[in-house]
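Accompanying notes for the structure given below.
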Amino acid sequence: MNTQAGTPSSLAADLKAHTGRFTDKTFDWDAFPSNAGYADLARAQMRYIGAGGSPKVGDTSTMKPDHFTLSLIYKEPGKYAACHSHEIEESFLIIDGALIVGWERDGEVVEVNLGPKDMILNAREVGHGFRVDGVEPVLMSISVDVGKPLPPKYHYHPKDHAPELARSFGAEPGKTMPFDPAGDHPLQQLMGKYVVRHAEVPTKWEDAGFTRKVYVGAGGIDNDTCRKEMWGVPSRVGVKPFVRDVEDAFFVLEGSLTVGWEDEVGEQVEVELGPRDLVKTPAGRKHWFRNNGAGHATVWTVIGTAEDDGVTYEAA
């Protein structure tokens, strides 16, 4: 049966609980206590799945994480994030603006400038920071590839180092290199494996009628945790129900997307997502998507395994 009106069924309530509406959320300017008292480090976080590196694990507005977290970060011009590292991968997907990301090793830093729909997967245990040098704020999506990441380890925080050194992510004057994927410096070569330029990612057309650009996983950055892809769904294109052994999340960047769920007895429910809305579908849940809008939909998709899960998309 299709649930359309009246008292919401348990399936409809569950889908609603797994839907993150941009307009229902607020940006938290106090998400990272280590920034307190340092105006240049100010940034705001909006949590969708998990805490995403923030210690605010009791936030009831965010969904329980499994294999990854997902949040938005807002950063104003002139601000930066101090160089730190994690025990697991962390991706930055730029939505608006331009972001400088620096990787540090032995006092040397490579800096890359990322624009909209570009991504960097920050490698495990590699010191990294970011800075907004442009004239417009940056909005980006951050995913940490574990449900509950450990607190970051800071390498060059202004509480322990001169502000100029912290802003340059630990590089003394003359020790900063611009990103060059063909460079021969070991840090250049390492970063070159983890930077994704949207315009350079091959577009794969599915027989079901939508496109996939693989950022992380088979065909993209080699990884053993999560898969991350940019999907393009034309108007009136949709797929038949499918099931994964892990969770996935659809985060709409442009346009609109309808996501549906089906339970074991055949009940079906749907929700329409707009820009910056998200649905997380748990492992084992039959689900589908469809673009009912007149325009193209762009969807950032995160899947809780980097391996091929055997899903074949069939046109609805």
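Which strands (runs of 3 or more DSSP E) sit wholly inside the stretch 197-276 and have at least 3 residues that are of a type in the set (A, V, I, L, M) and surrounded by 17 or more Cβ atoms within 10 Å (Cβ to Cβ)? Spell out how you get there, then give the answer.
Working: elements: 211-216, 227-233, 248-254, 257-262, 268-273.
Qualifying strands (runs of 3 or more DSSP E): 248-254, 268-273.
Of all residues being buried (at least 20 other Cβ atoms within 10 Å of the Cβ) and of a type in the set (A, V, I, L, M, F, W, C) in the stretch 45-76, which is farthest from the chain's Cα centre (by Cα)? Just the residue, please.
M63
Only residues in the stretch 200-220 that are within 18 Å of D145 (Cα to Cα) count as the first member; pair them with residues that are surrounded by fewer than 16 Cβ atoms within 10 Å (Cβ to Cβ), Cβ under 9 angstrom, at least 6 apart or cross-chain, and list the lot.
V214/P202; V214/K204; V216/D222; G217/E307; G217/D308; A218/E307; A218/D308
Within the stretch 293-300, is even one residue small (G, A, S), surrounded by fewer than 20 Cβ atoms within 10 Å (Cβ to Cβ) and closer than 22 Å to P8 by Cβ?
Initially, the stretch 293-300 is screened for residues small (G, A, S), giving 293-295, 297.
Filter again for surrounded by fewer than 20 Cβ atoms within 10 Å (Cβ to Cβ), leaving 293-295.
Still in the running and closer than 22 Å to P8 by Cβ: none.
No, the conditions are met nowhere in the stretch 293-300.
Would you check which residues across the stretch 104-138 are more than 17 Å from the chain's Cα centre (by Cα) and within 24 Å of V299 (Cα to Cα) and list them?
Going through the stretch 104-138, the residues more than 17 Å from the chain's Cα centre (by Cα) turn out to be 104-113, 125-127, 131-137.
Within the stretch 104-138, N113, E136, P137 meet the criteria.
Picking from S71, S54, S61, which residue would you name as being touching a Phe, Trp or Tyr at 6+ places or on another chain (Cβ under 7 Å), outside the structural domain of P275 (by TED's automatic domain parsing) and part of a loop (DSSP other than H, G, I, E, B)?
Working: S71 fails: part of a loop (DSSP other than H, G, I, E, B); S61 fails: touching a Phe, Trp or Tyr at 6+ places or on another chain (Cβ under 7 Å).
Result of the check over S71, S54, S61: S54.
I'm told A162 meets every condition in (1) touching a Gly at 6+ places or on another chain (Cβ under 7 Å); (2) of a type in the set (A, V, I, L, M, F, W, C); (3) more than 25 Å from D66 (Cβ to Cβ) except one. Can you identify the failing condition by its number?
Tallying (1) touching a Gly at 6+ places or on another chain (Cβ under 7 Å); (2) of a type in the set (A, V, I, L, M, F, W, C); (3) more than 25 Å from D66 (Cβ to Cβ), A162 fails exactly one: (1).
Would you confirm, using the coordinates I've provided, whether I49 is of a type in the set (A, V, I, L, M, F, W, C), in contact with a Lys or Arg (Cβ under 7 Å, 6 or more places away or on another chain) and assigned by TED's automatic domain parsing to the domain that holds M177? Let's see the steps before the verdict.
Working: of a type in the set (A, V, I, L, M, F, W, C): yes; in contact with a Lys or Arg (Cβ under 7 Å, 6 or more places away or on another chain): yes; assigned by TED's automatic domain parsing to the domain that holds M177: yes.
Yes; evaluated as a whole, the condition is true for this residue.
The values are calculated or read from the model by the stated rules, or taken from the named source; none is laboratory data. Only a predicted model underlies this, so the values are computations on that prediction, with no experimental measurement involved. Note that each Cβ is placed from the backbone with ideal geometry, even for glycine, and that neighbours are counted across all protein chains shown.
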